[in-house]
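Contents: one structure, followed by commentary.
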2 protein chains.
Amino acid sequence: MLIHSTPQLITLSGGPQRGRDLGRLGLIENGAVLVQGETIIAVGTTNELRAAYPAEPTLDASGRTILPGFVDPHTHAIWAGDRAAEFELRLQGKTYLEILAAGGGIISTVRATRQASPEQLCAETRPRLARMFAHGTTTAEVKTGYGLETAAEIKMLEGILALDAEGPLELAPTFLGAHAIPPEFKGDPDGYTTLICNEMLPAVKTWWQTHAPDYPITCLPDTSLPFTDVFCETGAFTLAQSRRILETAKSLGFPLKIHADEFDNLGGASLAAELGAVSADHLVKTSAADIAALAAGDTIAVGLPCTPFGLADPQYTPAKAILEAGGLLALATDLNPGTAWNENMQFAIALACRYMKLTPAQAIAAATINAAAAIGRADRIGSIEPGKQADLLLLDVPDYRHLGYRFGGNLVHTVIKKGRVYPAKG
Amino acid sequence: MLIHSTPQLITLSGGPQRGRDLGRLGLIENGAVLVQGETIIAVGTTNELRAAYPAEPTLDASGRTILPGFVDPHTHAIWAGDRAAEFELRLQGKTYLEILAAGGGIISTVRATRQASPEQLCAETRPRLARMFAHGTTTAEVKTGYGLETAAEIKMLEGILALDAEGPLELAPTFLGAHAIPPEFKGDPDGYTTLICNEMLPAVKTWWQTHAPDYPITCLPDTSLPFTDVFCETGAFTLAQSRRILETAKSLGFPLKIHADEFDNLGGASLAAELGAVSADHLVKTSAADIAALAAGDTIAVGLPCTPFGLADPQYTPAKAILEAGGLLALATDLNPGTAWNENMQFAIALACRYMKLTPAQAIAAATINAAAAIGRADRIGSIEPGKQADLLLLDVPDYRHLGYRFGGNLVHTVIKKGRVYPAKG
């Protein structure tokens with residue numbers, strides 16, 4: 001299939017974009033892409049590719065912008081229940097503790113997720129994944145973390161594998177047993193940390209090695225194990241507890257991620273850099289030393305602008321400082337039922353332009369090639385280059401800068417995933 | 001048609017909601033609506049209506065929330081061209097004056113709109129109206145104001161009437177010749193004010209009285225004349241100039257609106273109250289005296305949260321102060337190509353909850369019955385009551401509070417406009 005005559009083909013070629021290099025679009029005017037099977041075969045101008053492949057069936061992209069499918073490298077997309085009532089309580093001025101007392105907060109999602117059957121958990125999650133895909137996300141990381149006990153965490157992992165196998169949205173699984181302290185360990189975070197290290201991580205590894213080969217999962221750095229992630233934050237896991245968990249996970253062979261500096265600066269980003277984590281995420285209250293530590297390595301800084309937006313918090317990830325230090329910046333939605341029920345990477349881009357002061361070109365690179373790097377798959381997805389998986393978007397706009405400029409809607413006309421064409425609009 | 005078995009039927013019955021009364025949803029559990037032709041015939045529980053109308057064909061709304069179609073009472077939805085390049089310049093740190101010098105700003109939209117043929121102007125506007133409708137807006141006010149000369153302003157008015165006649169989105173037209181000072185009157189705002197009063201307003205009246213009867217326009221307070229609006233702001237029209245224009249318009253029989261206090265407090269809101277304007281819009285820098293003046297009358301305060309959001313400006317309409325003073329508050333998108341290209345009232349609600357501290361119930365009332373009052377048509381639209389026009393939404397959620405709680409997407413499953421069913425999703 002020859003997709004041709006786009007006024008702007010945004011390739012994002014050349015690998016992840018570091019520091020001030022962020023925003024290199026690799027724009028080809030009047031461009032074309034040749035897709036065969038699941039793979040991109042050739043990229044160039046329409047004239048070049050038409051001459052080289054005269055017999056190829058065509059898809060006319062005149063007037064539309066082509067770019068790689070969005071990669072959403074940080075989501076909590078799988079959960080049961082909702083917290084709409086809690087949202088209203090918060091607006092009525094109830095405090096966090098009053099909401100907890102009324103049965104709200106993360107533990108209410110844990111309760112609903114533990115109670116849900118595997119089928120119900122997938123049934124509630126499936127429409128969210130469909131909306132993500134319709135808004136142009138072709139690959140997403142999805143975390144466990146609403147189980148907080150071995151069996152419920154494994155139920156979530158199995159749900160992620162099953163939903164990934166259904167497609168078309170591809171999923172990268174993360175084990176986030178260290179998302180919060182479960183009710184059974186209230187007042188004993190060290191005890192729960194020990195449980196994670198001594199029981200959950202080994203159990204997840206054994207389960208994964210037994211069951212994952214039954215699934216066609218392809219979007220982890222290697223398919224041996226899912227990511228392990230920790231919420232390193234006051235009220236969740238201290239730096240020392242986070243270190244114990246991540247070091248144990250690393251010794252077992254898990255690739256690593258971390259939630260750091262959403263509300264407090266505990267040093268989680270430097271820990272991530274030290275341990276060679278694939279990404280460090282949130283990074284709102286991050287210190288200059290932490291930013292320097294990230295920039296000195298290959299750990300991707302993942303900004304989650306939907307979360308401060310969801311909380312009406314004025315502080316966002318300091319993107320400029322990260323880029324000036326030479327760091328690698330990506331964007332994600334943080335889709336979750338508490339602070340940010342948003343399935344749309346285009347909205348994360350619109351926020352990043354306004355509140356992280358990225359240009360549209362920078363935000364697009366952060367949402368594609370750098371986001372692919374944040375799940376360790378920049379070799380396979382995130383750009384339009386020969387040999388890569390054919391994951392692309394046709395946007396209903398003549399210029400890439402409509403991303404960011406416009407907000408509140410969906411600019412996607414067509415999603416192409418592994419070479420298959422999905423019209424996004426009815 | 002009997003639309004039945006919604007867990008939550010949000011009627012908004014009882015007319016516009018003043019002050020602390022805002023947020024009275026008129027919720028009926030397991031509700032049903034009977035629609036015949038273009039009109040709502042009966043509203044009640046599913047049991048009641050099924051018993052009363054056993055032979056009526058049905059539409060099953062199980063698991064979905066029903067509410068009135070959104071009314072968007074402040075948009076600049078008709079224009080030619082776009083300003084995506086200007087958005088990028090702004091993020092690169094260029095000043096407003098540098099952008100003006102580079103051909104940007106409102107005058108670039110005026111240039112493109114003047115040059116566009118009537119057909120091109122409608123062709124560029126039509127997809128915007130379709131997206132508004134798909135996001136649940138069933139009636140919208142649309143302003144002229146990118147012509148700034150008699151013929152181009154009338155071309156815009158004619159476009160609005162033609163697009164309204166096409167449907168399904170119903171449009172309420174507003175003449176906004178006083179949107180900005182056109183290049184021909186640079187340095188002479190008084191001269192342009194005189195032109196508006198002596199030439200444009202009489203010409204618009206004559207044109208309207210000759211041509212409007214050819215169109216089926218129904219959503220003005222009366223069909224005799226469109227609204228007249230003024231941008232009362234530093235750099236646009238002073239309070240004295242705004243008064244001249246609005247008093248002239250009033251003497252000619254136009255219903256009135258005003259843009260006031262977006263950046264500076266000039267007293268426009270009090271002027272609106274004094275002249276009995278239907279609405280005063282923006283109201284960010286509004287003084288306590290202005291808020292009291294609005295609350296003492298029936299002029300609706302229209303908050304436009306997408307505009308500060310678009311500009312990343314931390315200040316929003318002081319909704320709480322307006323409600324505590326006993327004012328009537330509505331919400332609108334302010335859809336325009338400069339500061340807020342957003343077609344989605346759901347996003348205006350999500351912003352109002354976070355940045356104007358409205359509850360979902362308050363924001364929904366402000367976006368329906370009170371928004372209908374802001375275009376003088378609370379008698380006909382904005383609530384689900386027998387005798388009203390059958391404009392309703394089926395949302396893909398079990399609880400109205402998902403509006404506000406969730407953001408970045410579209411929760412509309414089905415739009416019903418004048419009794420006709422339009423599935424919003426493909």
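The values are calculated or read from the model by the stated rules, or taken from the named source; none is laboratory data. Since the structure is predicted, the reported quantities are computational estimates derived from the model, not experimental observations. So basically every Cβ, Gly included, is an ideal-geometry build from the backbone, and we count neighbours across all protein chains shown. All accessible areas refer to the heavy atoms of the entire protein, side chains included, with ligands and DNA or RNA removed. Shrake-Rupley method; radii C 1.70, N 1.55, O 1.52, S 1.80 Å.
Counting only protein heavy atoms and a 1.4 Å probe, chain B has 32 square angstrom of accessible area per residue. Overall, the anisotropy analysis places segment B:70-373 in the rounded class: the square-rooted eigenvalues a ≥ b ≥ c of its C-alpha gyration tensor yield a/c less than 1.5.
Look at the Cα gyration tensor of segment B:97-184: its axes a ≥ b ≥ c give a/c of at least 1.5 with a/b over b/c, and that counts as prolate.
Under conditions of 25 °C and 0.890 mPa s, segment B:49-165 yields 144 µm² s⁻¹ as its translational diffusion coefficient, taking Rh as the Kirkwood radius over Cα pairs in the Stokes-Einstein equation. On chain A, 54 percent of the accessible area sits on carbon and sulfur atoms, based on a 1.4 Å probe.
Alpha-carbon geometry of segment B:213-293: the Rg and the Dmax are 13.3, 45 Å, given in that order. Any idea of the total accessible area buried by the B-A contact, 1.4 Å probe, rounded to 100 Å²? About 3800 Å² of accessible surface is lost on pairing. Each copy carries a label point for A:Arg126 at 7 Å from Cα toward Cβ; from one copy, the others' points are 3.7 nm away, ordered from shortest.
Considering only Cα-Cα distances, which of the following residue pairs are longer than 29 Å: A:Lys250/A:Lys285; B:Lys94/B:Lys285; A:Lys94/A:Lys285; A:Lys257/B:Lys357; A:Lys257/A:Lys418? Please report the intermediate quantities before stating the final value.
Details: A:Lys250/A:Lys285 26 Å; B:Lys94/B:Lys285 25 Å; A:Lys94/A:Lys285 25 Å; A:Lys257/B:Lys357 35 Å; A:Lys257/A:Lys418 27 Å.
Going by Cα-Cα distance, A:Lys257/B:Lys357 fall outside the 29 Å limit.
In chain B, the DSSP-assigned H stretches of four residues or longer account for a calculated mean residue ellipticity at 222 nm of -10000 deg cm²/dmol, using -39500 (n - 2.57) per stretch and the full residue count as denominator.
Protein-only accessible surface at a 1.4 angstrom probe places the residues A:Glu343, B:Glu385 in the order B:Glu385, A:Glu343, largest first. Remark on segment B:395-417: accessible area falls by at least 40 square angstrom from chain-alone to full-complex state for B:Arg401, B:Tyr405, B:Arg406, B:Phe407, B:Gly408, probe 1.4 angstrom. For segment B:295-323, a reduction of at least 40 Å² in accessible area between the chain on its own and the assembled protein chains (probe 1.4 Å) is found at B:Phe309, B:Ala312. For segment B:296-412, the spread of Cα positions along the three principal axes, ordered from largest to smallest, is 42, 39, 27 Å. Distances between equivalent label points of A:Glu184 across the copies, with each point positioned 7 Å along Cα→Cβ, amount to 7.9 nm, shortest listed first.
For the protein assembly as shown, taking Cα atoms only, Rg and Dmax work out to 27.3, 84 Å respectively. Across the copies of the chain, B:Asp21 has label points (7 Å from Cα along Cα→Cβ) spaced 6.4 nm apart, shortest distance listed first.
Please report the equivalent ellipsoid semi-axes of segment A:26-104, computed as sqrt(5 x eigenvalue) of the Cα gyration tensor, largest first, in whole Å. Kindly include the intermediate steps, with their values, before the conclusion.
Values: eigenvalues 540, 39, 21 Å².
Semi-axis lengths for segment A:26-104 are 52, 14, 10 Å.
Shielding value for B:85-98 is 3, the average number of Cβ atoms from other chains within 10 Å of each residue's Cβ.
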